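Written out below as structure tokens is the structure these notes cover.
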Amino acid sequence: SLEHPAVQMIAMERGKYYIGGPIFGLELPTRVFPCKTPSELRAQLPANTDVVAFQCRNPVHRAHYELFTRALDAENVAQDGVVLVHPTCGPTQDDDIPGIVRYHTYEVLKEEVANPRINWAYLPYSMHMAGPREAIQHMIIRKNYGCTHFIIGRDMAGSKSSLTKEDFYSAYEAQDMAKEHSAELGVQTVPSLNVVYTEEKGYVTADVAEKDGLKIKKLSGTKFREMLRAGED
């Protein structure tokens, strides 16, 4: 449906012709940021323990950090498990921050946190905001890279209708499909916690904030990117 922005882009903004057929690898492409192959990354990750993949397409902010570090405490993750922060650094939506800029933000954060349980690698992939089906694709990709678990966010790879501007997929459609096919794929899901920032206690889960009557402060991804571009703190 042309109502989906990615379908509209492919049908109306890309080239007229597409080429199909068998694919033969000649050499790895040269990229502006390092991208380990699946075999290289599998060799880097610890063996015989759980590896939880976290996927994003924007610079990591504090709520992201709280989300993927808390995922290590999930009931279905081993006590010595690790996280793989594996952002997509290819082209995405027009208002997204360029991949090379995102890469540098990840590298700075990696040095700052210096956490041996957090691994970092970069995926040359372009998001198409295909909702639950794209979530399944991400699970398959991360399995190839050696991951055993995958964090599924609320409205993962979601998009808005080109006509109505309403959400194209329901909020938990990706989580539901991922759970349904988890055993078949051999990748366990770790639902992302709804982490919020409160004036009184800093970052807590949304249920704790509601239970304790805490005041929540919100910052959307769009506003976050605007503040970065404006050089605001």
Notebook entry, point to check: If the Cβ limit is 9 Å and pairs must be 6+ apart or interchain, which residue in region 23-45 that is open to solvent by 80 Å² or more (accessible area, probe 1.4 Å) pairs with which residue that is aromatic (F, W, Y) and in a helix (DSSP H, G or I)?
Noted result: V32/Y103
Notebook entry, point to check: Just a yes or no: is a residue in region 74-97 β-branched (V, I, T) and in a helix (DSSP H, G or I)?
Noted result: no
Notebook entry, point to check: Out of (1) open to solvent by 20 Å² or more (accessible area, probe 1.4 Å); (2) more than 29 Å from M9 (Cα to Cα); (3) not in a loop (DSSP other than H, G, I, E, B), what's the single condition that is false for P116?
Noted result: (3)
Next item on the list: Could you please give the count of residues in region 48-103 that are over 16 Å from the mean Cα position of the chain (by Cα), farther than 25 Å from Q188 by Cα and not acidic (D, E)?
Entry: 2
Notebook entry, point to check: Just a yes or no: is a residue in region 9-17 assigned to a loop (DSSP other than H, G, I, E, B), among the acidic types (D, E) and either more than 30 Å from D167 (Cβ to Cβ) or in contact (Cβ under 8 Å) with a residue 24 or more places away in the chain (or both)?
Noted result: no
Check: Does region 102-125 hold any residues that are of a type outside the set (F, W, Y), within 22 Å of P38 (Cβ to Cβ) and touching a helix residue (DSSP H, G or I) at 6+ places or on another chain (Cβ under 9 Å), and which are they?
Finding: R117, I118, N119, A121, L123, P124
Notebook entry, point to check: Only one residue in G99, G90, G186, G131 is farther than 27 Å from D73 by Cα, in contact with a Ser or Thr (Cβ under 9 Å, 6 or more places away or on another chain) and without any contact (Cβ under 8 Å) to a residue 60 or more places away in the chain. Which one?
Noted result: G90
Next item on the list: Assess whether A230 counts as being among the aliphatic types (A, V, I, L, M) and surrounded by 12 or more Cβ atoms within 10 Å (Cβ to Cβ).
Entry: no
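The values are calculated or read from the model by the stated rules, or taken from the named source; none is laboratory data. Keep in mind the model is a prediction, meaning the values are calculated, not measured. Positions of Cβ are generated from backbone atoms using ideal geometry, with glycine treated the same way; all protein chains shown enter the neighbour counts. Keep in mind that these areas ignore ligands, DNA and RNA; they rest on the heavy atoms of the full protein, side chains included. Shrake-Rupley method; radii C 1.70, N 1.55, O 1.52, S 1.80 Å.
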